[in-house]
Protein chains: 2
Amino acid sequence: MSTPPGGADSEVGAVRTYVHSHSAAFLGELAEWLRIPSVSAQPEHADDVRRGADWLAGKLRDTGFPVVEIWDTPGAPAVFAHWPAEDPAAPTVLVYGHHDVQPAALADGWHSEPFAPEIRDGKLYARGAADDKGQVFFHTLGLRAHLATTGRSAPAVHLKLLVEGEEESGSPHFRALVEDRADRLAADTVVISDTGMWDETTPTVCTGMRGLAECELVLHGPEQDIHSGSFGGAVPNPATALARVVAALHDEEGRVTVPGFYDGITPLTEYERRLFAELPFDEEDWLRTAKSRATAGESGHTTLERVWARPTAEVNGIGGGYQGEGSKTIIPSSAFVKLSFRLVEGQEPERIEQAVRDWALARVPEGLRAEISFAASTRPCLTPLSHPALQSVVRSMEKAFGRPVRFTREGGSGPAADLRDVLGAPVLFLGVSVPSDGWHAPDEKVELDLLLKGAEASAHLWQDLADHWSEAH
Amino acid sequence: MSTPPGGADSEVGAVRTYVHSHSAAFLGELAEWLRIPSVSAQPEHADDVRRGADWLAGKLRDTGFPVVEIWDTPGAPAVFAHWPAEDPAAPTVLVYGHHDVQPAALADGWHSEPFAPEIRDGKLYARGAADDKGQVFFHTLGLRAHLATTGRSAPAVHLKLLVEGEEESGSPHFRALVEDRADRLAADTVVISDTGMWDETTPTVCTGMRGLAECELVLHGPEQDIHSGSFGGAVPNPATALARVVAALHDEEGRVTVPGFYDGITPLTEYERRLFAELPFDEEDWLRTAKSRATAGESGHTTLERVWARPTAEVNGIGGGYQGEGSKTIIPSSAFVKLSFRLVEGQEPERIEQAVRDWALARVPEGLRAEISFAASTRPCLTPLSHPALQSVVRSMEKAFGRPVRFTREGGSGPAADLRDVLGAPVLFLGVSVPSDGWHAPDEKVELDLLLKGAEASAHLWQDLADHWSEAH
């Protein structure tokens with residue numbers, strides 16, 4: 001660990017000194033947690049997931065949380081903690097993260113055992129180091145720093161934590177849990193601690209995520225596969241018809257053709273577009289990350305605008321007829337496509353689903369029968385740049401990093417929107433992971449320097465929110 | 001068996017009387033053959049396939065063929081037989097059929113054991129009854145009738161039989177076998193005995209089959225499936241691009257858009273269209289057979305024209321990305337489509353393949369990599385209505401059925417074209433199966449009356465070809 005810059009007499013310096021001087025113990029404990037293979041997608045690890053939850057609950061008690069509970073769900077348990085502020089008028093903040101991890105095995109290409117954490121060259125390698133154990137756990141160090149440097153015996157805000165255990169399995173019980181426990185989870189703002197920043201040298205604050213609607217369209221033709229010699233050319237082929245629906249989904253400008261799809265969207269302002277454009281975006285780098293050969297998409301928008309701020313329609317899966325080696329001369333009995341639509345602020349999933357349904361069903365030719373179904377949707381969530389709570393995150397990150405932050409968004413969709421919808425609270429994002437951390441991949445790691453900066457930002461955030469909340473309300 | 005009509009003093013009557021008086025023994029022997037489960041697609045039946053070939057070889061020797069050989073292939077064996085005419089100037093005729101059958105099990109919905117032949121209501125139920133053992137075996141009875149009623153000790157034509165053992169597995173070694181043995185198989189005309197007629201009461205002669213070109217197009221996008229949230233809307237999706245290729249394959253008139261696709265085709269004459277139109281076609285019935293709800297296809301053509309005389313492009317299989325239950329938010333790494341093109345006289349498969357390749361590859365967007373491959377193709381084959389050998393088949397069928405035949409074609413593709421190409425001989429079709437016979441389905445059967453008419457037609461055909469061959473050459 002390098003010697004922390006910044007004077008000990010300043011708030012920034014005091015937090016930094018505390019964090020750095022307690023980093024060894026912090027990392028030792030985090031490594032303990034990372035040794036638990038809490039893989040929620042693998043039933044054989046169900047006990048490990050529970051053990052990981054219990055471990056975290058113990059550490060939260062050690063940190064001083066007076067209320068720490070394990071909340072069971074029909075799947076893996078969540079951990080809830082609550083530490084009220086002394087001032088009843090202080091704002092309530094709910095931190096969200098998850099304690100489960102993606103599957104991992106040495107044979108996948110790891111250079112060290114995924115559940116035997118190893119520090120090499122300033123990086124901590126382990127499954128969950130960045131996603132999400134490291135980013136949940138830095139809050140314990142941040143909170144200790146906050147208390148120690150302010151001389152408080154309780155946080156400046158009413159601090160709540162909800163750490164779920166099924167995020168890597170699609171959070172199947174999360175929405176119900178939040179709805180059931182809405183009174184316990186009630187908060188003025190939500191801090192999502194499960195994202196990252198632009199890169200190692202560019203501190204950023206994420207301001208929102210896209211929403212998601214998902215549908216499956218099945219076209220049924222002949223009652224069973226029929227001979228393409230005897231009948232080819234004379235009956236509708238469901239795979240051909242399906243391809244036509246998919247092909248019609250976008251126009252030549254890469255815009256989605258479903259009527260009303262773009263209704264209600266506020267276009268990006270020039271300021272927002274400039275903020276995106278100021279990021280050090282390198283197309284070659286981005287394509288490497290996307291494992292793709294070329295960019296493509298909606299005309300008139302940059303790649304970052306396309307993935308962060310524009311809605312999309314993508315084929316996730318398509319199938320029908322013969323799938324084996326070689327050929328088989330049949331007309332398939334049916335064909336399906338799985339589509340997902342990323343949504344942005346202004347697009348209500350229910351309305352989009354209805355529009356997609358109407359559009360798709362109108363394109364089914366005579367002689368085919370269509371079935372269309374939708375999965376549970378996720379709303380987009382975007383916190384305006386001007387929101388005072390967002391400004392607290394910005395200041396906290398700037399204190400930790402010592403330079404101005406830039407702004408990003410997240411193209412994916414997450415439980416953030418559930419929290420916003422159920423709790424009615426704006427959502428903030430505090431994360432220090434970087435794209436090279438290898439989420440879901442072999443050799444997942446977290447940069448130790450950034451992890452400690454996350455703890456610093458966390459320490460600043462509680463004080464800043466307490467100081468500025470009244471201004472905003 | 002009903003009493004045969006027709007006077008015994010006429011040629012027609014003599015043949016009929018012979019066939020009917022020997023039908024009991026004939027059916028007894030056929031039932032013996034049908035008990036052998038010679039399923040070429042199931043390795044556990046390899047011995048049965050060989051046993052079925054040996055059985056047939058024995059019966060051909062009993063019939064009088066001086067040359068009967070088992071021809072081994074890398075797969076199942078074929079049976080070859082040759083009985084020269086006494087007149088060296090007589091034409092040589094090669095009869096084609098197959099001794100293997102489709103899989104079958106009582107559990108598939110049969111009303112009696114598929115390999116325990118059973119006669120019910122004038123129909124013989126067994127796997128292979130119509131496809132193709134019954135239609136191969138009626139030639140032995142026909143030949144006996146021919147010899148008995150003409151007083152010959154050898155057939156009027158140099159008669160060859162080639163009965164393959166892998167037709168139900170796609171005839172993978174047939175072309176090579178025919179090429180290797182082309183000298184032994186040399187013939188003036190080929191008679192395919194593996195088809196049928198319009199229906200129970202409409203004797204028909206098939207005049208040709210469509211050809212077949214098959215291709216698989218694979219579009220490769222990201223090196224692996226990537227997250228549709230992080231990258232959706234900004235890189236080319238191979239499944240979407242593939243759907244666009246498929247959607248572009250036909251125009252709004254149902255015509256194939258590949259440039260040059262229709263080049264070289266001789267349009268149907270008004271006479272040919274009238275012959276098709278004279279058949280008792282019932283759309284409701286046809287749709288039931290096609291297990292489909294509506295007809296569709298190339299504008300300006302009837303259903304029969306579409307399936308018999310027009311080329312087509314059909315999707316046989318399409319796939320890519322997530323195939324499981326529910327949803328998965330990915331952009332697929334690749335997507336494929338398997339296409340088959342039915343070809344008609346004038347379309348050379350090699351030229352069509354090149355045209356399809358050029359057309360498809362030109363439609364691949366930047367950033368995707370395409371692979372396209374073609375399976376072995378089959379040429380179309382069509383024997384003109386005016387061909388003298390075809391007229392012999394027509395007369396023989398008319399003698400057997402006592403009324404004028406009509407003309408059909410076959411939409412499928414078969415080894416007929418290999419025989420025509422390698423041997424340079426025109427191809428004739430002699431078949432008495434009907435659509436209700438249930439080829440490849442449970443309760444496959446053959447109509448006993450029609451089976452005996454097939455034997456009669458066979459008996460007439462050798463004499464007619466011998467009588468009329470010289471006229472034509």
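Annotations for the structure displayed:
- Spatial offset of the range A:114-186 relative to the range B:335-399 amounts to 63 Å, using the alpha carbon center of each.
- Approximate spin-label separation A:Arg273-B:Glu86, in nm, with each point projected 7 Å along Cα-to-Cβ: 9.7 nm
- Taking chain B and dividing mean pair separation by its residue count, relative contact order in percent (alpha carbons under 8 Å, at least six apart): 25 percent
- For the range B:338-415, applying the loop criterion from DSSP together with a ceiling of 13 other beta carbons within 10 Å to the GluC sites (Glu not before Pro) yields B:Glu366.
- A cut-off of 5 Å between modelled amide H atoms, ignoring neighbours fewer than 5 places along the same chain, links B:Ser40 with B:Val101.
- Crossing angle, helix B:388-401 versus chain B [Cα axis fit, 0-90 degrees, rounded to tens]: 70 degrees
- Hits among aspartates and glutamates - C-alpha to C-alpha of A:Lys399 under 12 Å, sequence gap 8 or more where chains match: A:Glu11, A:Glu456, A:Asp464
- Hz values of 3J(HN,Hα) by residue in the range B:413-423 - Karplus curve (6.51, -1.76, 1.60), Gly and Pro given as x: 9, x, x, 3, 5, 5, 5, 5, 5, 6, 8
- For the range A:19-30, the Karplus equation 6.51 cos²θ - 1.76 cosθ + 1.60, evaluated at θ = phi - 60°, returns couplings of 4, 5, 6, 10, 5, 4, 5, 4, 5, x, 5, 4 Hz by residue, with Gly and Pro reported as x.
- The mean number of Cβ atoms from other chains found within 10 Å of a Cβ in peptide B:282-292 is 4, as a whole number.
- Counting Lys and Arg as +1 and Asp and Glu as -1 over every other residue whose Cβ lies under 11 Å from the Cβ of B:Gly58, the net charge comes to -1.
- Those lysines that a straight Cα-Cα span of less than 20 Å connects to B:Lys133, excepting residues fewer than 8 apart in one chain: B:Lys59, B:Lys123, B:Lys160, B:Lys445, B:Lys453
- Cβ-Cβ FRET estimate between A:Glu223 and A:Ala186, R0 fixed at 51 Å, reported to 0.05: 0.40
- Computed FRET value (nearest 0.05) for A:Thr266 with B:Asp263, which takes r as the C-beta separation and R₀ as 45 Å: 0.25
- Ordering A:His99, B:His20, B:His468 by the number of other Cβ atoms within 10 Å of each residue's own Cβ, fewest first, gives B:His468, B:His20, A:His99.
- Between A:Val95 and A:Lys160, A:Leu161, A:Leu162, A:Val191, the built amide H atoms are under 5 Å apart, and every one of these is 5 or more places off in sequence or on another chain.
- Backbone geometry of the range A:227-238 corresponds, through the Karplus equation with coefficients 6.51, -1.76 and 1.60 at θ = phi - 60°, to 3J(HN,Hα) couplings of 6, 6, x, 6, 10, x, x, 10, 10, x, 9, x Hz, x marking Gly and Pro.
- Degrees separating the helix B:448-472 axis from the principal Cα axis of chain B, which is the longest one: 80 degrees
- Sorted by Cβ density within 10 Å, fewest first, the residues B:Arg51, B:Arg369: B:Arg369, B:Arg51
- Using the Cβ of B:Ala425 as centre and a radius below 15 Å, the other residues enclosed give a net charge of 0, where K and R count +1 and D and E count -1.
- Neighbour counts of other Cβ atoms within 10 Å put A:Phe65, B:Phe341 in the fewest-to-most order A:Phe65, B:Phe341.
- Theoretical ellipticity at 222 nm over chain A - DSSP helices of four or more residues, -39500 (n - 2.57) apiece, nearest 500: -10500 deg cm²/dmol
- Counting Cβ atoms of other protein chains within 10 Å of each Cβ in A:328-337 and taking the mean gives 5.
- Share, in percent, of DSSP beta bridges within the protein assembly as shown that are antiparallel, nearest 5: 70 percent
- Partner chain coverage, peptide B:367-373 - average Cβ within 10 angstrom: 2
- Net lengthening on full extension, A:Arg369/A:His440 (0.36 nm per residue, minus Cα-Cα): 21.7 nm
- Cα gyration tensor category, rounded, prolate or oblate, for the range B:326-473 with a/c compared to 1.5: oblate
- Sites B:Glu69 and B:Thr289, calculated FRET efficiency, Cβ-Cβ separation with R0 30 Å, nearest 0.05: 0.20
- Per-q log10 I(q)/I(0), the protein assembly as shown, q = 0.06, 0.09, 0.10 Å⁻¹ (Debye; single scatterer per alpha-carbon; no solvent): -0.58, -0.91, -1.03
- Distant-in-sequence amide H partners of B:Val67 (H built 1.01 Å from N, under 5 Å): B:His82
- Degrees between helix A:46-63 axis and first principal axis of chain A (Cα, 0 to 90, nearest 10): 30 degrees
Each reported figure results from applying straightforward, stated rules to the coordinates on display, with no laboratory input. These numbers come from a predicted model, not from an experiment. As a convention, Cβ positions derive from the backbone with ideal geometry for all residues, glycine included, and neighbour counts pool all protein chains shown.
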